[in-house]
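Engineer: Okay, here's the structure, questions in a sec.
All of the numbers you see were taken from the coordinates with simple rules; none came from a lab. Just so you know, these numbers come straight off a predicted model, no measurement behind them. Counting neighbours? That spans all protein chains shown, and the Cβs are built from the backbone with ideal geometry, glycine included.
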């Protein structure tokens with residue numbers, strides 16, 4: 001019976017994630033992502049086309065804190081691996097090429113349209129990621145990053 005409940009919950013989460021990719025009102029889109037198991041704070045904006053690529057074993061490696069803004073067609077990847085099996089120099093299959101890690105988008109950030117965020121990245125508070133950037137490393141607080149790969153192009157003034 002416990003197995004059946006887990007299976008039903010998993011299918012419900014998959015359905016919620018699928019619906020969330022194109023549902024129009026933001027409050028419903030965010031609610032569907034929450035119901036799918038993601039940790040999402042208050043007053044978050046998630047644009048249409050938000051794509052979350054994750055491991056089936058650990059689908060909840062993404063944390064989005066309060067007041068984060070994520071524009072259209074942003075891709076967040078918490079697991080990346082090749083489709084084929086790679087052989088190392090000795091001819092044996094190499095299973096150590098899978099990259100998996102948590103992504104944290106902290107409070108009061110803005111992620112521009114078409115951004116790709118790779119595993120093991122934290123976008124720190126009060127930062128902006130420019131459209132089309134590929135984020136491979138942590139984004140410092142109070143900064144603007146852009147480019148492929150993303151790098152700091154400006155610092156924001158901290159007002160108290």
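Engineer: Would you tally the residues in segment 27-46 being in contact (Cβ under 8 Å) with a residue 24 or more places away in the chain, over 16 Å from residue 111 (Cβ atoms) and surrounded by fewer than 15 Cβ atoms within 10 Å (Cβ to Cβ)?
Structural biologist: 2
Engineer: Still on this structure, I have one more. Taking residue 40 as the residue in question, decide whether it is touching a helix residue (DSSP H, G or I) at 6+ places or on another chain (Cβ under 6 Å) and closer than 20 Å to residue 121 by Cβ.
Structural biologist: yes
Engineer: Of everything in segment 125-144 that's closer than 18 Å to residue 73 by Cβ and touching a strand residue (DSSP E or B) at 6+ places or on another chain (Cβ under 6 Å), which residue is surrounded by the most Cβ atoms within 10 Å (Cβ to Cβ)?
Structural biologist: 129
Engineer: When the residues of segment 145-160 are filtered to those that are free of Cβ contacts under 8 Å to residues at least 12 places away in the same chain and touching a strand residue (DSSP E or B) at 6+ places or on another chain (Cβ under 8 Å), which remaining residue is nearest to residue 73 (Cα to Cα)?
Structural biologist: In this case the residue turns out to be 151.
Engineer: Just checking, does segment 16-26 include any residue being buried (at least 18 other Cβ atoms within 10 Å of the Cβ), in contact with a strand residue (DSSP E or B) (Cβ under 9 Å, 6 or more places away or on another chain) and either closer than 21 Å to residue 133 by Cα or touching a residue at least 24 places away in the same chain (Cβ under 8 Å) (or both)?
Structural biologist: yes
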